[in-house]
1. Return yes or no: is Ser273 modelled with pLDDT of 95 or more, surrounded by 19 or more Cβ atoms within 10 Å (Cβ to Cβ), away from the ligand (no atom under 16 Å from the Cβ) and among the hydroxyl-bearing types (Ser, Thr, Tyr)?
2. Out of all the residues in the range 102-113, which are within 16 Å of the ligand (Cβ to nearest atom) and out of contact with any helix residue (DSSP H, G or I) (no Cβ under 6 Å at 6 or more places or on another chain)?
3. Taking the condition surrounded by fewer than 24 Cβ atoms within 10 Å (Cβ to Cβ) and closer than 19 Å to Ala293 by Cβ, does Lys158 pass?
4. Picking from Gly45, Gly94, which residue would you name as being surrounded by fewer than 16 Cβ atoms within 10 Å (Cβ to Cβ) and more than 16 Å from the ligand (Cβ to nearest atom)?
5. Please specify each residue of the range 49-63 satisfying the condition of being within 16 Å of the ligand (Cβ to nearest atom), part of a strand (DSSP E or B) and either free of Cβ contacts under 8 Å to residues at least 12 places away in the same chain or β-branched (Val, Ile, Thr) (or both).
6. On the given criteria, is Ile105 buried (at least 24 other Cβ atoms within 10 Å of the Cβ), among the hydrophobic types (A, V, I, L, M, F, W, C), without any contact (Cβ under 8 Å) to a residue 60 or more places away in the chain and in a strand (DSSP E or B)?
7. Could you list all residues from the range 1-31 that are modelled with pLDDT under 95 and more than 23 Å from Arg120 (Cβ to Cβ)?
8. For residues in the range 59-115 being acidic (Asp, Glu) and under 24 Å from the mean Cα position of the chain (by Cα), which is farthest from Val170 (Cα to Cα)?
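The values are calculated or read from the model by the stated rules, or taken from the named source; none is laboratory data. Because the structure is a prediction, the values reported are computed rather than measured. Cβ atoms come from the backbone with ideal geometry, glycine included; neighbour counts cover every protein chain shown.
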Amino acid sequence: MNLKSKDLLGLKDLTAQEIGHILATAKTMKVVLTTNNKKTPHLQGKSIVTLFYENSTRTRLSFELASKYMSASSANISASGSSVAKGETLIDTGRTIDRMGTDIIVIRHPMSGAPHLLARNVNASVINAGDGMNEHPTQALLDIFTILEKKGKLEGLKIAIIGDIYHSRVARSNIWGLTKMGAEVSVAGPSTLIPPGLEKTGVKVFTTVQEALLDADVVMGLRIQLERQKKGLFPSIREYARFFGLDEKRLKLAKEDALVLHPGPVNRGVELSSGVTDSEHSLINEQVTNGVAVRMALLYLLTRRSGNENTN
Ligand code: CP
């Protein structure tokens, strides 16, 4: 099957069937990743540009390596080193990249909706690598892939997402994706960091971490964005860690074989204790590897859609 849209902007827009197809393709790509010869011809003749207006280690590097492993030509633009710094608009920058024959533009931007604006103005497929507080769909896909790989199913799993839900694009994409795939999602965090009305999406909302952790199959910690602290939404990092941080004792409330995920980068001792981060429950390193497989799958699926030929 083909993905319906030319772009991957969010999990809100994907069907469960499309998510399942991406995950199945990623499983094949993971086999390629774990061989000695990672080079495949899947993207020969295609070109991929990563356009990042915010810092990144995992997302940017995994897209760049995924492109190279599949024989695409790839290039990176970061806002500080480009004409964006001279005042060029996003649309003009996007059209410039498009006119060079680019097939896929991967964009990270601090404004929610920036990838959607870009997608409407270029022929290339656009992949959202994180937009403001809206979505981070490729992160959620790799999280879901990692859970499925370990648990063998998603339907009925109890998944607790802990932390700053309000500002988290990772949480939003995971809530869309996991609920579509049949998981039972609960969230917990300081009440100032829970979006009002979240219960209406079918998610259980708790204000204590203990309630959310009870019998959870999977616990997902979110990065506390230290820059948000200036807004006074919670008293202090130390108090956050005391009430919402995940340590070995608290983790015992979850199932014995509970998995711990975190999108990274981890603030050790804040969202997760070092003991939990490095424990046998933690899948943080697997998430990084699976991020490459999922991004290989997406690049492949978007370039093979019929009519996806940038003829500029
Ligand atoms: N998880 C995530 O998006 O990490 P980076 O900011 O390093 O890309």
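1. Details: modelled with pLDDT of 95 or more: yes; surrounded by 19 or more Cβ atoms within 10 Å (Cβ to Cβ): yes; away from the ligand (no atom under 16 Å from the Cβ): yes; among the hydroxyl-bearing types (Ser, Thr, Tyr): yes.
Criteria met by Ser273.
2. If the condition is that a residue be within 16 Å of the ligand (Cβ to nearest atom) and out of contact with any helix residue (DSSP H, G or I) (no Cβ under 6 Å at 6 or more places or on another chain), then Arg108, His109, Pro110, Ser112 are the ones that fit.
3. no
4. Details: Gly94 fails: surrounded by fewer than 16 Cβ atoms within 10 Å (Cβ to Cβ).
On inspection, the qualifying residue turns out to be Gly45.
5. Within the range 49-63, just Thr50 meets the criteria.
6. The answer is yes for Ile105.
7. Hit for the range 1-31 is Met1, nothing else.
8. Step by step, filter the range 59-115, then rank; the result is Asp103.
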